[in-house]
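The values are calculated or read from the model by the stated rules, or taken from the named source; none is laboratory data. Computed from a predicted structure; not experimentally measured. Backbone-built Cβ (ideal geometry, glycine too); neighbour counts: all protein chains shown.
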Amino acid sequence: MTKALTRTVDIAYIFIFYVGFQGGKYYLENRIQELGFVVVLTLFAYGAIKLAMQRADVKWGWWFWITPLIISYPMVISSVTYYLNTGSNFLYSFFAAREFLIIYLAPTIFFMYKLGYQIERLEKMFIISLALTIINYLFFYSILDLAAMARGSSLYMSQQVTWDAWRGYRLKPPTTGLFIGTSYCLIMITQKIDFIKRIGIIILFSMLFFCWYMLLLRTQIATILVSFILFPIFFSRPSRVNISVFSLPIVIVIILLFSGIFVEVFFEEDARRGLTARICLETISEKPMLGFGTASYKGISYQSLFGKQFYPSDIGFLGVCFKYGILGGCIYLYLLLLIMFRGVKTNWYYSYYKKRVNPLLMSLVIWVIGTSINTILVPSLMFMQGLMIGSFMIGITACYRDKFLQQINLKKNNF
């Protein structure tokens, strides 16, 4: 890969990650997101064509076809299902699910790696984009009139502001970026790094700490703490597998128990979510396999069918099953476990071969642990930020797996 192309890919990755962290949702109604999809698809097409011409041994067909196959469920099958249930325009539902196009990032990362783009450089672009996203959030938080924005005529922009009597008006943050960035900084601070890099980490951590202080997201802070505790106990090294095997069922039962209690109390306290949950349960019992489908504000919306207060995205995993059916819920859980397995295994291999930790890989694993804990209430992989991180993890773990296999084969040949 030439230096000019490498720099172009650098800029493309920074932009893609920025879009994935939803940095553009505070202006132009996030229209920049569509440009992000164009960049992803362009890189994907370039990598696929280039490797096909080189006839490289990269399991090209698998990477090329599995991605549209996965995306077809939420974008095509769910849109057809909604059309059959309501008669709404298929294309409205199809484009309403366009966020799933970010999944093309996974094969794109692997294709660019096979064309010569270094993994370490990819990680650097990810961190740069994360820092830009945090700066971007603080900038718009300081200049926007949140009260006027909440009462504005633009539905999308008004939805970016939340309000309660305790904390007042708040601009919705890039929560996934805050989570991963905080984990990354805490891990990096404990590492032996040069002075300049340490100053940069301290500055980034200070911005993140200020965000947490302003937002007071107690649930997210608690999730980070719990994830940091669970990581060394169950996922830090292969010797912990036995503990994980015996303890995981107990942990799952405890999570389900407390989540069930929390959901019950939560729905009782929040009548709107309680009504939404009951409607979803009734719909799932009637249409269990494929669910009700994906709606769009441009066509027949959920609110026009079930009431103005009906928002299935607000009730967590139950909302996923309402939209995509039990089959969609099972696919979601499988992909979540797959991402966790790949992340944990790659982190182990990295520590074994490099004799040191990779702060970004470790942060991603900690994020997946937190995402798994919150799955019942917040299915993160159904939203743009979670989809981007999940795709990034699939791509980067594939790159590291290929790199480690090359090292193993080289040692065998030398022996």
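Name the one entry in GLY24, GLY47, GLY36 that is closer than 13 Å to LYS114 by Cβ and buried (at least 18 other Cβ atoms within 10 Å of the Cβ). Steps first, answer last, please.
On the way: GLY24 fails: closer than 13 Å to LYS114 by Cβ; GLY36 fails: closer than 13 Å to LYS114 by Cβ.
The match here is GLY47.
Confirm whether LEU5 is within 19 Å of the chain's Cα centre (by Cα) and under 23 Å from ILE119 (Cβ atoms).
The answer is no for LEU5.
Within region 59-67, is there a residue that is charged (D, E, K, R) and either on the phi < 0 side of the Ramachandran plot or under 19 Å from the mean Cα position of the chain (by Cα) (or both)?
For region 59-67, residues charged (D, E, K, R) and either on the phi < 0 side of the Ramachandran plot or under 19 Å from the mean Cα position of the chain (by Cα) (or both): absent.
Which of the helices (runs of 4 or more DSSP H) contained wholly in region 100-157 include at least 2 residues that are under 18 Å from the mean Cα position of the chain (by Cα)?
Working: elements: 105-114, 119-143, 146-150.
Fully inside region 100-157 and qualifying: 105-114, 119-143.
With the condition kept exactly as written, say whether any residue in region 324-343 is touching a helix residue (DSSP H, G or I) at 6+ places or on another chain (Cβ under 6 Å), under 21 Å from SER88 (Cα atoms) and crowded, with 23+ Cβ neighbours inside 10 Å.
Looking for residues that are touching a helix residue (DSSP H, G or I) at 6+ places or on another chain (Cβ under 6 Å), under 21 Å from SER88 (Cα atoms) and crowded, with 23+ Cβ neighbours inside 10 Å, one finds at least one in region 324-343, hence yes.
For GLY386, state whether it is touching a residue at least 60 places away in the same chain (Cβ under 8 Å) and under 25 Å from GLN220 (Cα atoms). Spell out the reasoning first.
Working: touching a residue at least 60 places away in the same chain (Cβ under 8 Å): yes; under 25 Å from GLN220 (Cα atoms): yes.
Yes; evaluated as a whole, the condition is true for this residue.
Mind listing just one residue for me: the one in region 161-176 that is closer than 21 Å to ASN374 by Cβ and at pLDDT 90 or above and, of those, farthest from the chain's Cα centre (by Cα)? Spell out how you get there, then give the answer.
First, the residues of region 161-176 that are closer than 21 Å to ASN374 by Cβ: 162, 164, 167, 170, 172-176.
So of that shortlist, the ones also at pLDDT 90 or above come out as 170, 172-176.
Values: ARG170: 22, LYS172: 16, PRO173: 14, PRO174: 11, THR175: 10, THR176: 7 Å.
Checking each candidate, the answer is ARG170.
Please go through region 105-116 and pick out each residue that is at pLDDT 95 or above and either in contact with a strand residue (DSSP E or B) (Cβ under 7 Å, 6 or more places away or on another chain) or farther than 10 Å from GLY395 by Cβ (or both).
none
Of all residues in region 206-251, how many are at pLDDT below 85, touching a helix residue (DSSP H, G or I) at 6+ places or on another chain (Cβ under 9 Å) and assigned to a helix (DSSP H, G or I)?
Summing the residues that are at pLDDT below 85, touching a helix residue (DSSP H, G or I) at 6+ places or on another chain (Cβ under 9 Å) and assigned to a helix (DSSP H, G or I) in region 206-251 gives 11.
Residue-wise test of (1) surrounded by 12 or more Cβ atoms within 10 Å (Cβ to Cβ); (2) closer than 30 Å to LYS355 by Cα.
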| site | (1), (2) |
| --- | --- |
| ASN136 | yes, no |
| SER142 | no, no |
| VAL161 | yes, no |
| LEU186 | yes, yes |
| ILE196 | no, yes |
| ILE201 | yes, yes |
| SER227 | yes, yes |
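Being crowded, with 22+ Cβ neighbours inside 10 Å and under 14 Å from the mean Cα position of the chain (by Cα) is true for just one of THR346, THR371. Which residue is that? Before the answer, list the steps.
Working: THR346 fails: under 14 Å from the mean Cα position of the chain (by Cα).
Just one listed residue meets the conditions, THR371.
Would you confirm, using the coordinates I've provided, whether GLY61 is crowded, with 18+ Cβ neighbours inside 10 Å and among the small types (Gly, Ala, Ser)?
Details: crowded, with 18+ Cβ neighbours inside 10 Å: no; among the small types (Gly, Ala, Ser): yes.
No, not satisfied.
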